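Structure, as structure tokens:
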Amino acid sequence: MNEDKVDIKTPEFVSIQFQIAGLGSRSAAFIIDQMLLMVINILSLIVLFFVLDGMSKLEFIFIGNSLPIAITIIVLFIVNWGYFFVFEFFSGGRTLGKKLIGIRVIQENGHSITLLSSFIRNLIRIIDSLPTAYFLGIIMIFFHSKHKRLGDMVAGTIVVHERKAKRKKKHSPFEYEITNRGLSKDDLIIDEWTLKSLGIKEWKLVSTYVHRFHQLPLNERNQLTIQIAEVLSPKIGLDSAGKTTSELENYLLVLYLILREEWEFEL
């Protein structure tokens, strides 16, 4: 089942092939996540014990031991449910367990998981865990053609293996250019929200620019740099006013480095 693959056609009519994550890899990631949550739960119970033990008799009479217990139960629920919801949305569909195993959650259209999809997917996790030990979720993943649990079906998501970027034996002219200029992804800070807003159109634009970078005469390259910078700068929160052509080139080259991890895959 680990070899099952699916072709996804994005809204931009780009066909991308993914390898679907099966029951084995998803279970391994879930076990890692649960071990981490178990540590947090144990620490929370230890804190609760010391709180109850440290309460004075007067506090115990007026407050009782139900309030600290109720607060602990609420906190544990929020942590155990919110862990998956927060990590999957803000970490590109990856919890810590998924990241270690090399899988991620994406939309059925190939885009990154949305806030609503992450919320729905993990809310339904409560049902998938019924009647015990995640039984319903395991059955659904095992028998579904795309290894989806109920939460995936309702939220329109799918869990796939990470797709590694192409590795070239020989350095490309672009890589030499990056090295010679001393550029890295850290030279351009883009927040997670902005990065999620950049789609296939922006990737194609900056990718075409990079691949034509060494093919154009200097004056044509400068004009192209200015034109593309005017289009992309507002989208990444960059003020291009007063920047030299060389500085704009650096920004676009680094932007390519950042987007390449998301869009340039080995099919």
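The values are calculated or read from the model by the stated rules, or taken from the named source; none is laboratory data. Just so it is clear, the model here is predicted, and its values are computed rather than measured. Glycine also receives a Cβ, built like all others from the backbone with ideal geometry; neighbour counts cover every protein chain displayed. Ligands, DNA and RNA are excluded from the accessible area calculation, which covers all protein heavy atoms including side chains. Shrake-Rupley method; radii C 1.70, N 1.55, O 1.52, S 1.80 Å.
With a requirement of 2 or more residues that are free of Cβ contacts under 8 Å to residues at least 12 places away in the same chain, the helices (runs of 4 or more DSSP H) lying completely within the stretch 60-134 that satisfy it span 66-90.
To keep it simple, each residue is scored yes or no on (1) farther than 29 Å from Ala21 by Cα; (2) among the polar types (S, T, N, Q).
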| residue | (1), (2) |
| --- | --- |
| Gly156 | no, no |
| Ile178 | yes, no |
| Thr194 | no, yes |
| Gly237 | yes, no |
| Ala241 | yes, no |
| Tyr251 | yes, no |
| Arg260 | no, no |
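Look through the stretch 216-252, keep the residues that are assigned to a loop (DSSP other than H, G, I, E, B) and of a type in the set (Gly, Ala, Ser), and return whichever of them is surrounded by the most Cβ atoms within 10 Å (Cβ to Cβ). Ranking the candidates gives Ser240 first.
Would it be correct to say that Arg260 is of a type in the set (Lys, Arg), surrounded by 13 or more Cβ atoms within 10 Å (Cβ to Cβ) and within 27 Å of the chain's Cα centre (by Cα)? Taking the combined requirement at face value, the residue satisfies it. Within the stretch 172-197, residues that are over 30 Å from Glu88 (Cβ atoms) and among the aromatic types (Phe, Trp, Tyr) reach partners that are open to solvent by less than 40 Å² (accessible area, probe 1.4 Å) and in a helix (DSSP H, G or I) with beta carbons closer than 8 Å, at six or more positions or on different chains, in the pairs Phe174/Val210; Phe174/Leu253; Phe174/Tyr256. As for the stretch 28-50, it holds at least one residue that is at pLDDT 70 or above, under 20 Å from the mean Cα position of the chain (by Cα) and aromatic (Phe, Trp, Tyr).
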